[in-house]
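Taking it in order: structure first as structure tokens, then the write-up.
The values are calculated or read from the model by the stated rules, or taken from the named source; none is laboratory data. Small disclaimer: the values here were computed from a predicted structure and weren't measured. Cβ placement follows ideal geometry from the backbone for every residue including glycine, while neighbour counts extend to all protein chains displayed. These accessible areas exclude ligands, DNA and RNA; they are computed on the full protein's heavy atoms, side chains included. Shrake-Rupley method; radii C 1.70, N 1.55, O 1.52, S 1.80 Å.
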Amino acid sequence: TGINNVVPSARLIHDQQTKSAELATATNVDIGLTGEVRRRAGYSELLATCHKNLHQADGFILATVDGGDLISMDAAGASRVTLYPSLGVSRVWYCNLPDGRTTFSNGLICGITDGAAVTTWGVPRPAGVGAVTDVAGDLFAGEYRYGLTHVRLSDGLEGAPVYSAPFQLADGGIVLTGLPGLAGHKLNVYLIGQNSDHAYLAGSTTNAAFSFTGKNETLTIPCRTDNLDVAPAGTVSAFSGGRVLVASGSTLFASRPHMVESFDYLRDFKQFTSPITLIQPVDDGIYVGTETELVFMAGAEFDKMTYRQVLAGPVVLGSGIQAPGDLIRGGQPGTAMLCIADGVICAGFNGGNLARLTEGRYQTGVDEV
């Protein structure tokens, strides 16, 4: 009937008539559906290098090897590709995206991969604004600012803008020089006119210079990436409701809806009282575990989710997994989650219903899995 490490071993059940028994420990064995105990199968060496941070992505496997290189492999361990050299020895956290890509982060460095190449997780802001020169043109005279954004050429994703200081325009045109470049990206240039807070597209460039001498009325396309930023280099992450959720310390950040590479740090976050150790979505909400509690965030929209503590006690880092609810004690329809909280294995169902599955029978002091 499984392990019981709470009751003293002398009191463990051993009933010959019903052929039921409890184990104090069970190492390297599998227990079948009828209670039979089998020695766990052995293994054969696939590669002679040390692999950590194994993760099953969509059609490929991610891992880190000696030296901290992030690699991808096929199911047989072949076709090895080095994606990110010297990622480090810290634990790597992953999140599979609906488009087949996978995010990765070790708390300091993050990115997205399709198993063959890596991109940044979001498009960064330009590193500078260059210099502006007043030239002849048709713009109204007055005070202006300009903004720059990087646009990734492979998919057209645009990053957040960086803006210049105000400058006076007398002759009606501008020439920008010394613009910051980024491999695989072009620059979009926006203008903000006098007495205006809105930036409008003036044009694009793939080199370090840009000029505009046109009329004000041709500036009609607004900048739509204000206040957006790249993903935080966090730890635990998950995908739910069209958003990627990322833990950074005690703060839970969410990407914009259906924009998994764009984050609004000013509005899309929730603060908890201690560092986050678990993010596990179910059908009607999200379980969030921390070093001090397990919380159920009910609702389908991140902005409108309601907070409810379902357990007071630490949640073990990395212990949250998704499970089918109808296969867990009693059976409840829909998606469920399993985790280790307050030292016992718990199941969380839809609606925030929590079951302490191993209460009084099995307890563990492990602090990370």
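Please verify whether the range 131-144 includes one or more residues that are without any contact (Cβ under 8 Å) to a residue 40 or more places away in the chain and not charged (D, E, K, R). Within the range 131-144 (the criterion being without any contact (Cβ under 8 Å) to a residue 40 or more places away in the chain and not charged (D, E, K, R)), the answer is yes, since at least one residue qualifies.
Residue count for the range 194-210, restricted to those that are surrounded by 18 or more Cβ atoms within 10 Å (Cβ to Cβ) and either among the basic types (Lys, Arg) or in a loop (DSSP other than H, G, I, E, B) (or both): 1.
When the residues of the range 17-51 are filtered to those that are modelled with pLDDT under 75 and of a type in the set (Ser, Thr, Tyr), the one that is nearest to Val7 (Cα to Cα) is Ser20.
In the condition set (1) in contact with a Leu (Cβ under 9 Å, 6 or more places away or on another chain); (2) under 15 Å from Arg145 (Cβ atoms); (3) touching a residue at least 24 places away in the same chain (Cβ under 8 Å); (4) open to solvent by 50 Å² or more (accessible area, probe 1.4 Å), Leu191 is compliant with all but (4).
Condition first: at pLDDT below 95 and in a loop (DSSP other than H, G, I, E, B). Now tell me which residues in the range 321-352 satisfy that. Across the range 321-352, the qualifying residues are Ile328, Arg329, Gly330, Gly331, Gln332, Pro333, Gly334.
Among the residues that make up the range 288-306, is at least one of them of a type in the set (A, V, I, L, M, F, W, C), open to solvent by 50 Å² or more (accessible area, probe 1.4 Å) and within 20 Å of the chain's Cα centre (by Cα)? Checked the range 288-306: at least one residue is of a type in the set (A, V, I, L, M, F, W, C), open to solvent by 50 Å² or more (accessible area, probe 1.4 Å) and within 20 Å of the chain's Cα centre (by Cα). Scanning the range 285-301 for residues that are at pLDDT below 95 and not small (Gly, Ala, Ser) returns a single hit, Glu301.
Go through the residues of the range 61-78 one by one and say whether even a single one is open to solvent by 20 Å² or more (accessible area, probe 1.4 Å), of a type in the set (A, V, I, L, M) and under 20 Å from Phe239 (Cα atoms). The answer is yes, given that some residue of the range 61-78 is open to solvent by 20 Å² or more (accessible area, probe 1.4 Å), of a type in the set (A, V, I, L, M) and under 20 Å from Phe239 (Cα atoms). Residue pairs whose Cβ atoms lie under 8 Å apart, sitting 6 or more positions apart in sequence or on different chains, and linking a residue in the range 35-61 that is of a type in the set (Phe, Trp, Tyr) to a partner that is surrounded by 11 or more Cβ atoms within 10 Å (Cβ to Cβ) and outside any loop (DSSP other than H, G, I, E, B), are Phe60/Ser72; Phe60/Met73. Any idea which residue in the range 149-167 is nearest to Ala199 (Cα to Cα), counting only those that are free of Cβ contacts under 8 Å to residues at least 40 places away in the same chain, in a strand (DSSP E or B) and touching a Phe, Trp or Tyr at 6+ places or on another chain (Cβ under 8 Å)? Result: Tyr163. Would you please name the residue that is surrounded by the fewest Cβ atoms within 10 Å (Cβ to Cβ), looking only at residues in the range 307-341 that are closer than 19 Å to Phe272 by Cα and in contact with a Gly (Cβ under 7 Å, 6 or more places away or on another chain)? Among them, the one singled out is Arg308. Could you tell me whether Ser255 is in contact (Cβ under 8 Å) with a residue 12 or more places away in the chain and not in a loop (DSSP other than H, G, I, E, B)? Yes; evaluated as a whole, the condition is true for this residue.
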